[in-house]
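Below you'll find the structure I mean.
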């Protein structure tokens, strides 16, 4: 069974979504626990993520394999750098679809990516809020 099909199968989707959207500890360690740097990186991701998602949606709608492969690859790299495994994997499914030109399950794969990006955004907002609080306490 293809990964795209696994992501849309109800039991597999529950298992996949039970995995944390973000390995917070790994990301904090990667960025040396620096709250200012974490806020900067999270803000940059928020800025870029909307562009990636719009481009991926447009590529799926137009069945533009090259654009889908390129944009999904970029988002896969960005989410991987943030230690966001489920979003990275969901972007990888779409990257593979772009590579093969097979759009058969692209709508379901896009829905899976959108769910994972929503979960990731929630986790990143919480991390950013914690870091901003830490920065405020450091100023006081």
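Taking the condition of being free of Cβ contacts under 8 Å to residues at least 60 places away in the same chain, closer than 23 Å to residue 27 by Cβ and loosely packed, with under 15 Cβ neighbours inside 10 Å, how many residues in the stretch 91-124 meet it?
Summing the residues that are free of Cβ contacts under 8 Å to residues at least 60 places away in the same chain, closer than 23 Å to residue 27 by Cβ and loosely packed, with under 15 Cβ neighbours inside 10 Å in the stretch 91-124 gives 1.
Is it the case that residue 16 is out of contact with any strand residue (DSSP E or B) (no Cβ under 7 Å at 6 or more places or on another chain), under 21 Å from residue 124 (Cβ atoms), at pLDDT 95 or above and assigned to a helix (DSSP H, G or I)?
no
Something else: If you check residue 87 against the conditions, is it in contact (Cβ under 8 Å) with a residue 40 or more places away in the chain and assigned to a helix (DSSP H, G or I)?
Spelling it out, residue 87 is indeed in contact (Cβ under 8 Å) with a residue 40 or more places away in the chain and assigned to a helix (DSSP H, G or I).
Does the stretch 40-63 include one or more residues that are more than 22 Å from residue 22 (Cα to Cα), in a helix (DSSP H, G or I) and in contact (Cβ under 8 Å) with a residue 40 or more places away in the chain?
There is at least one residue in the stretch 40-63 that is more than 22 Å from residue 22 (Cα to Cα), in a helix (DSSP H, G or I) and in contact (Cβ under 8 Å) with a residue 40 or more places away in the chain.
Another one. If a residue must be in a helix (DSSP H, G or I), touching a helix residue (DSSP H, G or I) at 6+ places or on another chain (Cβ under 6 Å) and farther than 16 Å from residue 55 by Cβ, how many such residues does the stretch 74-84 contain?
Looking only at that region, the number is 1.
Give the stretch 90-107 a look and list any residue that's in a helix (DSSP H, G or I) and over 16 Å from the mean Cα position of the chain (by Cα), or say none.
Passing the criteria: 97, 98, 99, 100, 106, 107.
The values are calculated or read from the model by the stated rules, or taken from the named source; none is laboratory data. Bear in mind that the values here come from a model prediction, so they are computed numbers and not experimental data. Ideal geometry is used to build each Cβ from the backbone, glycine not excepted, and the neighbour counts take in all protein chains shown.
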